[in-house]
Ligand SMILES: Cc1cc2nc3c(=O)[nH]c(=O)nc-3n(C[C@H](O)[C@H](O)[C@H](O)COP(=O)(O)OP(=O)(O)OC[C@H]3O[C@@H](n4cnc5c(N)ncnc54)[C@H](O)[C@@H]3O)c2cc1C
């Protein structure tokens, strides 16, 4: 009745009877989160840290086996840092910078990501998804011990919901039978096949790609080893796939993806001897390895029309699904949580009107469109759909060996970067015309080194005024919103990188920064009236 | 915004045309298709300007 649909890597939240199951009338909670994957758990962390009771219901008892996501982008690490769990991720993860592109039997070029320096976190780390989830769950446990009102309920499957005017009634099945709870807000973090979408009759539309990939995670034996680089083959000579990706993970595990075409016999392909045949053709007969995990996946780019439906809000794969090229799945889900958490917090504490949540739909819908666009383009390059698209693809690859100009056209996945919320109703008109484009209103704040530490850890969680070489009050309050003021001057910015990223040609700047570390407004000088107007806009109190 | 130039601009049109055909001489259909694709990419990079490139795509559609 409550059978596992997949194996667990870590049993992180075993079933425990909750007093809610014995209540005479359904207990009402401010937030119930359906799904304890990375996005559900991150949402619980965000809300729990704000002191908001958050109940996660998952039909399993922990983290699913198999790595799935391996590339976690800087922005996800910055968000995890705000939640207090980026340390173990950075320690476990593999940092890589060099990528090689092969076409047929030739290494046509190689690139270095050359990440911009002056950031606390690297551009990416590679790490098996179960670790990412486990580190967040460990953090939940730490916060719970300090009294944070978070609950993770394993083997609690949501079977049906009733949408009411101002709450949702949730019917849950457990090993010990059904019970009912209510939530002011229900978060659908129940993954790409989202049962919640089905329960509410909501559509999930987009493109399904006619191709499939075989993933093999292998552990090298003996001293066989590959460098910590990303290798991508188009039409490799070893013929194990129309394209192949090799990428390093922690624990001496390598991820290999073979593009194996659309009409495949999954059962046949998943036989160990057949996977080994592909691997041996690629690695050569002398390399010994152990198989850790394998899977076949097909992919699609789809999104819900709206991420809010009454009192239900969708986040992560339930709201949008992208092909894996570019590592935008979990990474974009983390940005959903970052965006939703503070808005829900303000609405629940009556510091902002409910309409603030519509900006979640607008901003993250914009993010989803950007991610879908990027991952669709990568997919079209990697798996050309027509004769002519293949001709152009191969022309690009052939030219890339000789001519630098063609290399930017090679698209084996544009790696995830945070989206800028241009056009959002929360942004104020840019008041710093000489300021850099990258920190215009709507942008995610780029990190910068300070004399002791980094900028981003100083921002976030609350609205913050960042005053750079500018006068500003010591603190600022408006309609219950307490705004912290962080003042820095050139003394705090020995490298000049802060000025480069936030001042540009301007001599001073005052930024209003949202709790999710996105810029809401910026000015050259502090002006109380403009700051109050910007804060009203950014908190949805004024259109 | 710059427009794609659709007035005569090639120094010696007959020479260019002969060079173009010459480059394809002796090639199979497949090789010719590949050459054309590379040529388009080389020329597009030389132009660079996205307005001009979009204009060129439109003009080519007839
Ligand atoms: C091969 C592959 C490679 C990928 N690589 C990357 C990458 O490199 N980088 C990246 O960022 N992303 C990557 N992704 C995407 C990433 O894995 C997903 O985006 C991510 O897992 C989504 O998290 P989620 O929490 O939204 O959903 P899920 O992880 O699917 O979690 C949903 C949870 O909801 C639970 N649930 C479902 N129904 C119910 C119910 N009725 N009641 C209670 N609980 C329920 C499920 O059991 C599950 O625990 C990859 C995906 C694949 C398949």
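List of remarks:
- Computed over segment A:175-239, the range of Cα coordinates on each principal axis works out to 55, 33, 21 Å, biggest value leading.
- Each of A:409, A:399 was scored by other Cβ atoms within 10 Å of its Cβ. Listed from fewest to most, they are A:409, A:399.
- Across every direction, the projection of the convex hull enclosing the Cα atoms of segment A:1-156 has a mean area of 12.4 nm².
- Taking other C-beta atoms within 10 angstrom as a stand-in for reagent exposure, A:231, A:262 fall in the order A:262, A:231, fewest first.
- Pairs of Cα atoms farther than 18 Å apart, segment A:437-538, %: 40
- Segment A:391-440 and segment A:206-271: distance between their alpha carbon centers, rounded to Å: 27
- Stretchable slack from residue A:437 to residue A:7, in nm (0.36 nm times residue separation minus alpha-carbon distance): 150.2 nm
- When A:338, A:380, A:263 are sorted by how many other C-beta atoms sit within 10 angstrom of their C-beta, beginning with the fewest, the order is A:263, A:380, A:338.
- Whole-number D in µm² s⁻¹ for chain A, Kirkwood Cα-pair radius fed into Stokes-Einstein, 4 °C, 1.567 mPa s: 53
- At an R0 of 45 angstrom, the distance between the Cβ atoms of residue A:141 and residue A:228 translates into a FRET efficiency of 0.90.
- 0 to 90° range, to nearest 10: angle between helix B:13-24 axis and chain B longest Cα axis: 50
- Just so you know, the Rg over Rh for segment A:274-352 is 1.25, from Cα atoms, with Rh as the Kirkwood radius.
- Distance between modelled label sites at residue A:487 and residue A:205, nm, 7 Å Cα→Cβ extension: 5.4
- Reduced Cα scattering model of segment A:1-90, Debye log10 I(q)/I(0), q = 0.14, 0.15, 0.20, 0.22 Å⁻¹: -0.64, -0.72, -1.15, -1.28
- Note that segment A:207-305 carries a Kirkwood radius of 14.2 Å, evaluated over its alpha carbons pair by pair.
- Cα extents of chain B along the three principal axes, largest first (Å): 41, 25, 23
- Histogram of C-alpha separations across segment A:416-463, 5 Å bin width, %: 4, 18, 21, 26, 21, 8, 2, 0
- When all alpha carbon pairs of segment A:120-252 are counted in 10 Å bins from zero, the resulting P(r) reads 8, 22, 26, 23, 16, 4, 0 %.
- With both labels modelled 7 Å from their Cα along Cα-to-Cβ, the residue A:542 to residue A:175 distance reads 5.6 nm.
Every read-out reported here was derived from the displayed coordinates using simple, explicitly stated rules and does not represent laboratory data. Worth saying up front: this structure is predicted, and the values here are computed from it rather than measured. No Cβ is skipped: glycine too gets one built from the backbone with ideal geometry, and neighbour counts run over all protein chains shown.
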